[in-house]
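Every number here is computed from the coordinates shown, using simple stated rules; none is lab data. If you're wondering where the values come from, they're calculated on a predicted model, not measured in any experiment. Positions of Cβ are generated from backbone atoms using ideal geometry, with glycine treated the same way; all protein chains shown enter the neighbour counts.
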Amino acid sequence: MSKSCKLVIMDAAPLIKLAVVRRLDLLFSFGLTVFIPDEVLFEAIEKQSWMDGIGPTPDKVYMKEWVEVHKETKQVICRETFIGSSAKESRESGRLTAKNYPDNLGELSADSVFLERANLGFGNAPAVLMLDDYEATDMFKSKRADVYFFTTYSFLLQLEKSRLVDSAEAIWSDILLELPTASKMQDPDLTGPLRAGTIVEFRP
Amino acid sequence: MPNITIHLDEDTHRLAKVYAAQSKTSLSKLFRNHIRQLAGSANDSRKRLIFDSYCSGSISRSEAMNELGLRSIETFYATLIEAGFDLPRQTRKDALETGNAAVKFIEESNRE
């Protein structure tokens, strides 16, 4: 696997925010390879449909296609983690349901990426984390800034600074505008609830 | 529809009857609407309190979602924004500082 810098997506929120404004390609800025742990990807693409029993919204269809296309070009890497594969098995067997689903599985899965990083092939490769904006605010306040990380907002500001986007604030405003409607619009071609595991297949 | 018995003192009973007559409604409807208003208002206040706590960093997203009985991040964000809140984020200064360090690290990594 390439030693190029990885952008490890630690939380579904940045993917959700960028997908509603169809700007996931921005993640490749600065020559980064995007690494998405399996449970984070489940939370970003499938969880809403699985939890709420609704069909996929257009932003989820876009995100799924984006992941599949860029997995082929190796710009996006999705790998199974112990947490993610256990959760998937429990969902499929019915042991894990929308009612007893732990809230922190995505975070645990992302954490396990680091524990398993040698097996995943980037033990020595540099990595920058991408966190939820809220979580990073907390991290920054508590001065736990011993790791390099982006939040959606700080990432947008760097893109603006590098003149890769016109305005970080304009994209943030678009996210605020689109999030409420995006979560309610089901794709007319894909009706009915999704079953876990039907959108994305992970190939370790 | 279930029936309930309410004990009122005479003054309150008279006030309620007069108010109901002036409002051209029944005591039952008056009571029903008042309870709905109170409950709705309490629910809104509780929701705003939870969003305030989340946005100020007192509780996590998971805790806020649990308190509100919301199961997906998308629905949580939608509800938050519709209630007039911004998504919590770092200050511009902190966000720039965070991002500058990350970009510097990426540039150094790519040079090696």
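Listed by Cβ neighbour count within 10 Å, with the fewest neighbours leading, A:D38, B:D44 appear as B:D44, A:D38. Fewest neighbouring Cβ atoms within 10 Å first, the residues A:D103, A:D25 line up as A:D25, A:D103.
Relative contact order of segment B:44-112: 23 percent, from C-alpha pairs under 8 Å at least 6 residues apart in sequence.
Taking the alpha carbon gyration tensor of the protein assembly as shown, multiplying each eigenvalue by 5 and rooting it gives semi-axes of 45, 23, 18 Å, largest first. In this structure, the pairs whose alpha-carbon distance is over 31 Å, taken from A:K71/A:K161; A:K161/B:K47; A:K6/B:K47, are A:K161/B:K47; A:K6/B:K47.
With a simple spin-label model that places each label point 7 Å from the Cα along the Cα-to-Cβ direction, the separation between B:S41 and B:L27 comes to 2.3 nm. Each Lys and Arg Cβ is given +1 and each Asp and Glu Cβ -1; about its Cα centre, the protein assembly as shown then shows a dipole of about 560 debye. Peptide packing for B:70-77, A:172-179 was compared via the average number of neighbouring C-beta atoms within 10 Å per residue; ordered from the highest value, the list is B:70-77, A:172-179. Between B:N100 and B:F85, the distance separating the two model label sites (each 7 Å from Cα on the Cα→Cβ line) works out to 3.1 nm. Applying a DSSP loop filter and a limit of 12 other Cβ atoms within 10 Å to the trypsin sites (Lys or Arg not before Pro) in segment A:9-105 leaves A:K74, A:R95, A:K99.
Computed FRET efficiency, Cβ-Cβ of A:F82 and B:E67, R0 30 Å: what is it to the nearest 0.05? Rounded to the nearest 0.05, the efficiency is 0.50.
Taking 7 Å steps out from each Cα toward its Cβ at B:S58 and B:D11 produces label points 3.7 nm apart. Rounded, prolate or oblate: which fits segment A:44-134 when a ≥ b ≥ c are the square roots of the eigenvalues of the alpha-carbon gyration tensor, with rounded for a/c under 1.5 and prolate only if a/b beats b/c? Since a/c reaches 1.5 but b/c is at least a/b, the shape of segment A:44-134 is classed as oblate.
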